[in-house]
1. In square angstrom, what is the accessible area per residue of the chain with a 1.4 angstrom probe?
2. Please give the helix 67-76 orientation as an angle from the longest Cα principal axis of the chain, in degrees from 0 to 90, rounded to the nearest 10.
3. Quick one: how many Å² of SER6 are accessible to a 1.4 Å probe, rounded to 10?
4. When you count, for each residue, the other Cβ atoms within 10 Å and take the mean per peptide, how do 126-132, 71-77, 150-156 rank with the highest first?
5. Quick one: accessible surface of CYS167, probe radius 1.4 Å, all protein chains present, in square angstrom to the nearest 10.
6. For the ranges 111-118, 171-178, what's the packing order if you count other beta-carbon atoms within 10 Å of each residue, average per peptide, and put the highest first?
7. To the nearest 0.05, how large is the calculated FRET efficiency for ARG208 and THR14 if R₀ is 22 Å and r is the Cβ-Cβ distance?
8. Just round it to a whole percent: the fraction of Cα-Cα distances in the chain exceeding 24 Å.
Amino acid sequence: MDALESGRRYWETTGATKDFTHPVHAEWLAGVDRAARILDYGCGYGRVMAELSDLGFGTVTGADVSAALIARGGRARPDLSFELITSPPVVDHPAASFDVIVLFAVLTCVPGDADQRALVAETHRLLAPGGLLHVSDLLLQADERSRRRYAGRSPYGVFTTGDGAVCRHHDAEYLRRLLADFDITAERHLEVPTMNGNRAAALQLLARRR
Ligand SMILES: C[S@@+](CC[C@H](N)C(=O)[O-])C[C@H]1O[C@@H](n2cnc3c(N)ncnc32)[C@H](O)[C@@H]1O
């Protein structure tokens, strides 16, 4: 079984019971037309979609590999529009279909370099030129427990949680390089609670598609 398939199985089972936490930085979206076509890539149960809808955005689509998380989202928010990703990283829409994509705590679940590059390339395809990518993800943690978890894994920063998810924490410069086909226009460091109740350093990036 490849890494993407084993990840999907986690998100269909144990992962589908978790609560997610990275906050939308609304300030970055303040100037965005409320009619903008927004994709929440790796939307989970639609937490960020609900927040965007509450901010007044009326055209928000969520896509995820986990049918269980989508079903949970559909029960909680039947007004939101969810789609299943059946052949990751492809989201079945024509090129340039979206004005904004949010990618929150998804790279951390896709540990391989090549899989991450393919995912970011898909967001580039889906965005219209000039469109915005709002990324939020976890950084390498400096504490002893994290360093023990990273030891011996490749790339550095990959680890397995106590309940079996293979995750990745990132070097900030690596995340910036991953967005080489975008212009990064803003970034902010923050601390977020993780899905397992710890606290972790995170980075948010706002990038414009070239
Ligand atoms: C930590 S959760 C974050 C969910 C949501 N973005 C949020 O912040 O509330 C990670 C999400 O990524 C999804 N995911 C995992 N692997 C994926 C992949 N290869 N492509 C798209 N989504 C994926 C999981 O199913 C899960 O919903």
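The values are calculated or read from the model by the stated rules, or taken from the named source; none is laboratory data. This structure is a prediction, so every number in the text was calculated from the model and none was measured. A quick note on method: Cβ atoms are made from the backbone with ideal geometry, for glycine too, and the neighbour counts reach across all protein chains shown. Just so you know, the surface numbers come from the protein's heavy atoms only, side chains and all, with ligands and any DNA or RNA stripped out. Shrake-Rupley method; radii C 1.70, N 1.55, O 1.52, S 1.80 Å.
1. For the chain, the per-residue accessible area is 45 Å².
2. Tilt relative to the chain: about 50 degrees.
3. Surface open to solvent at SER6 totals about 50 Å².
4. For the peptides 126-132, 71-77, 150-156, the packing ranking is 126-132, 71-77, 150-156.
5. Answer for CYS167: close to 10 Å² accessible.
6. Highest to lowest by the protection proxy: 111-118, 171-178.
7. Result of the calculation: an efficiency of 0.05.
8. 37
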